[in-house]
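Data block below; observations after.
A short reminder: the numbers here are calculations on the coordinates, not readings from a lab. Because the structure is a prediction, the values reported are computed rather than measured. Positions of Cβ are backbone-derived with ideal geometry, glycine not excepted, and every protein chain shown enters the neighbour counts.
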Amino acid sequence: MSRHLAFALVLLLSGCAQIEQSARDALDDARPTTYETSQGESVRFALGAVAFGDRVARFAPTVSLAPAYSDPSQAVGAPDYGTDRCRSGDECYLTLTSGGTVVVEFTNNTLFDGPGDDIAIFEIGPDIEATTVEISVDGRDYLPLGRVEGASALLDIAGRGMPGAQYRFVRLTDDPGQGDSGGSTPGADLDAVGAIHAERR
């Protein structure tokens with residue numbers, strides 16, 4: 001076997017190994033996992049980390065924030081505040097600001113109406129500040145679901161929307177009439193948005 005052919009074979013095998021590893025990582029991310037909200041609710045996600053928002057489609061704060069509190073990427077993925085993934089000194093959440101809005105999009109899964117609660121909002125901090133939650137199939141027309149505040153971070157789609165609808169967007173709006181509107185982190189502090197009932201795309 002020539003040296004060039006042997007080198008090409010090594011590269012091919014290495015590439016296959018990387019693909020297999022990526023596939024294993026994807027399967028690991030989709031394993032059923034239980035996460036706990038700031039309200040102390042243990043929530044099981046059948047798709048594990050895959051069930052959480054993947055990108056922020058829009059972020060509209062009402063005031064300027066320090067970079068540590070205004071990075072939209074901190075609102076996507078599985079909840080990591082207080083975990084090893086959120087290193088000491090990292091903020092690991094997005095501050096909505098008083099009356100601010102964020103739209104989180106699911107790109108590799110969709111949210112649907114199943115038995116019981118369907119969506120979980122992970123906010124952090126000693127005060128769970130009221131946030132209005134809406135969902136959308138297309139990112140244009142939104143369906144109001146209600147508010148998360150105080151006692152629960154879970155909402156049920158039942159009785160709203162069209163049967164069988166698959167939702168890709170979640171819009172969260174901080175209630176400016178509730179909570180602290182001052183300081184460095186005014187409004188709700190968002191760690192993650194998860195689809196309890198989710199389907200892979």
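Summary of computed values
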item: Estimated vicinal HN-Hα couplings, Hz - segment 163-178 in sequence order (Karplus 6.51, -1.76, 1.60; Gly, Pro = x); result: x, x, 5, 10, 9, 10, 10, 10, 10, 10, 10, 5, 7, x, x, 9
item: Potential extension, residue 34-residue 201 segment - 0.36 nm per residue separation minus Cα distance; result: 58.0 nm
item: Residue-count net charge about residue 53 - beta-carbon cut-off 11 Å; Lys, Arg +1, Asp, Glu -1; result: -1
item: Residue 73 paired with residue 152, simple spin-label distance in nm, labels 7 Å along Cα-to-beta-carbon; result: 3.5
item: Residues residue 64 and residue 41, FRET efficiency given R0 of 35 Å [Cβ-Cβ distance, rounded to 0.05]; result: 0.60
item: Charge tally in the Cβ shell below 15 Å around residue 163, where Lys, Arg are +1 and Asp, Glu are -1, residue 163 excluded; result: -3
item: Net charge of neighbours whose Cβ lies under 13 Å from the Cβ of residue 146, counting Lys and Arg as +1 and Asp and Glu as -1; result: -3
